[in-house]
Amino acid sequence: MGHQESDMKMKIVLAAKKLFAKHGYDATSVRQICEEAGANVALVSYYFGGKESVFHEVFKQYFPSNELRDFYGIDDPYLGIQMVIREVLKIRTEDPELISIIQMEIITITPRVDKMREIFFPLWQKVRDLLDKGRQDGVYEFESLDSTLMFVLGAMFFYKQREFFEPIFTEERPDMETLIGQTTAFIMRALGYNK
């Protein structure tokens, strides 16, 4: 694939990511994606085979599977949860468009949700395993593993849109390290972390 062809493919993927995050998958047309990318409409079919393949390419290109690879080898419940909080908050901060797409797809349980489960469930299963191990080892103290998993994922992954709440906030937006520290402390207290 030539450099120019590769550039155009990435322009299409970036345009799709922006529009999927803003309008949702169903409300975004191939024509809109191509207009945003400055591409001929036929190129979506030529490069990807259709809009759904472009959607999956967004996750292939932008979900940081490689960065999370080390996480899967961690067995320490505290270090593992701490690491996933850090990585998820980085993703949330660095790529809010990707997070918006994920949240929209999950909230509306779209036909693409099974494909998204393939992408995210290994991460979420590992979080579940670390919570379970932490409880068994006496590091964490909580009742329901399922409910606790949902609470932990909600606190770090399904972040509320800060902009919506800005009118009632009185403090400055925290920097990344402060946010990671606050989120980690909140989750660890909720888990009954006792070390």
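The values are calculated or read from the model by the stated rules, or taken from the named source; none is laboratory data. All figures in this text were calculated on a predicted structure; none of them were measured in a lab. Neighbour counts are summed over all protein chains in view; Cβ atoms, including those assigned to glycine, are modelled from backbone coordinates with ideal geometry.
Only one of the numbered conditions (1) modelled with pLDDT under 90; (2) under 17 Å from ARG86 (Cα atoms) is violated by GLN161, and that is (2). The condition (being of a type in the set (A, V, I, L, M, F, W, C) and either in contact (Cβ under 8 Å) with a residue 60 or more places away in the chain or within 22 Å of THR183 (Cβ to Cβ) (or both)) is satisfied by just one residue among VAL84, VAL30: VAL84. Just one of the listed residues (LEU191, LEU179) is among the aliphatic types (A, V, I, L, M) and closer than 21 Å to LEU68 by Cα, and it is LEU179. Scoring LEU123 on the criteria (1) among the hydrophobic types (A, V, I, L, M, F, W, C); (2) at pLDDT 90 or above; (3) under 18 Å from ASP76 (Cβ atoms) leaves a single failure, condition (2).
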